[in-house]
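Input: a single structure, listed below in structure tokens.
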Amino acid sequence: MSTRTESNISESGLDEGLVLVLNCGSSSIKFALYDAAEHPLPKRPMWSGKAVDIGGPNVTYEDSDTPCGPLRTEDDGRRPYVAAIDYIRARVRKRVGQRRLIGVAHRVVHGGPKYSHPVRMDAEVLADLKSYIPLAPLHQPYALEAIAALMDGVPDLPQVACFDTSFHYTMPKVEKQLGLPHEVWDKGLRRYGFHGLSYEYMALSLPELYGDISKGKVIVAHLGSGASLCAMEDLKSQSTTMGFSVLDGLMMGTRPGTLDPGAILFLMESEKLSLKDMTRMLYHKSGLLGVSGLSPEPRVLLARENEEGEVGERIRDAMRLYVRRVIRQIGSLIAMMNGIDMLVFTAGVGENSAEIRRRILEGMTYFGIKVDQEANKANAPVISTPDSAVKVVIQPTNEEWIAARHAVQLLLGKEQ
């Protein structure tokens, strides 16, 4: 199919168009195609897929119509990530058929102090966002690489950046400030918070399901390979556990979470670690992987938790620390809000690990939480008992739909 079909967005065809969402990680690209002609925008994409292990020896591709298999591109010297983008673009063109692609929405982790809302991409915005790469080195470069590749290949195709930091702009200043000299605030050094597209989805979906209680004091636990908590009141972010970077807060798969800065200074001095060495330790070698010495995945560690010897002990240490950090930081957010009405589990671990949820909730009986263990084992939508002082629910997240929704609103001016 021609580039014209990919980028033709004449006024007569806008409302019949499709929106593509790209969620780009360091070695993976997830994508989803939404039908902007339907109103309201469907929460389920009409087509989706992913490419994984990009840059590795076993890069694979799959989509709704195609089973998982090797991703094959011509070896023409291009960077693997750009080659994967081009492959996905070709598959999208084939799937779009005679309909128009009206735009591409990207999940971009960091909007810095400047971008509080989704924005249409151009060269100036791209340059701004590149300056935030040091703030999110695991994610920011890859979304921007995809944006740049599409700008080069289909310059007339509108692109929209949707920021994980945007949802937390409602936090009061006291939650954003750091205990550092005041002049660093003017340089953009502050607590931003992340996973905003996920939390925004909760702010939209919870009232539909649970009514007024969701407008009260709510804590959402986004537990995945990256993990954070968000305290919401009146469906707006009041506080969150991630801060200036995605290293802060809860312990994660490979990231340590909250850490005494003195420990970093000590390690750099005593072990003669370079900035690059320290960065690698904090982003790639810490968290569950670092403590257990085995895996960043809770399900893998749970399966081997009863092993004897040093391996088993390190796994148990990692799981105890992981759960304890979640309990401690939920407690701190409850104190900050002076109460809690609802606790929400979401993302890969939060939605699917009954055992992790059980351990977290067992440490929160002080707050009057009572759990229906059978409902928890079944991953039911509501896992608290009717007489629980706090409603506890599981709500799958939908970041891609949020990004598509923003693109439709920005490009078409259609409220969803």
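The values are calculated or read from the model by the stated rules, or taken from the named source; none is laboratory data. Quantities reported herein were computed from a predicted structural model and do not represent experimental measurements. Here the Cβ positions follow ideal geometry from the backbone for every residue, glycine too, while neighbour counts run over all protein chains shown. The protein model used for the area step is the full one, side chains on, heavy atoms only, and it has no ligands, DNA or RNA in it. Shrake-Rupley method; radii C 1.70, N 1.55, O 1.52, S 1.80 Å.
Details
- Scanning segment 122-160 for residues being touching a residue at least 40 places away in the same chain (Cβ under 8 Å), small (Gly, Ala, Ser) and over 22 Å from Ala227 (Cα atoms) gives a total of 3.
- Segment 395-416, subset part of a loop (DSSP other than H, G, I, E, B) and not charged (D, E, K, R), residue modelled with the lowest pLDDT: Gln416
- Residue pairs meeting the criteria (Cβ under 6 Å; at least 6 apart or on separate chains; first open to solvent by 20 Å² or more (accessible area, probe 1.4 Å), in segment 83-100; second modelled with pLDDT of 90 or more): Arg95/Trp47; Arg99/Leu18; Arg100/Gly17
- Helices (runs of 4 or more DSSP H) lying entirely in segment 279-342 (those with 2 or more residues that are among the hydroxyl-bearing types (Ser, Thr, Tyr)): 309-337
- Selection count where residues are touching a residue at least 40 places away in the same chain (Cβ under 8 Å) and within 19 Å of the chain's Cα centre (by Cα), scope segment 253-289: 5
- Matching residues, segment 193-223, being in contact (Cβ under 8 Å) with a residue 12 or more places away in the chain, within 16 Å of Asp341 (Cβ to Cβ), open to solvent by 10 Å² or more (accessible area, probe 1.4 Å) and assigned to a helix (DSSP H, G or I): Ala203, Pro207, Leu209, Tyr210, Ile213, Lys215
- Every residue from segment 377-416 that is more than 30 Å from Ala105 (Cβ to Cβ) and crowded, with 20+ Cβ neighbours inside 10 Å: Ile383, Ser384, Val390, Lys391, Val392
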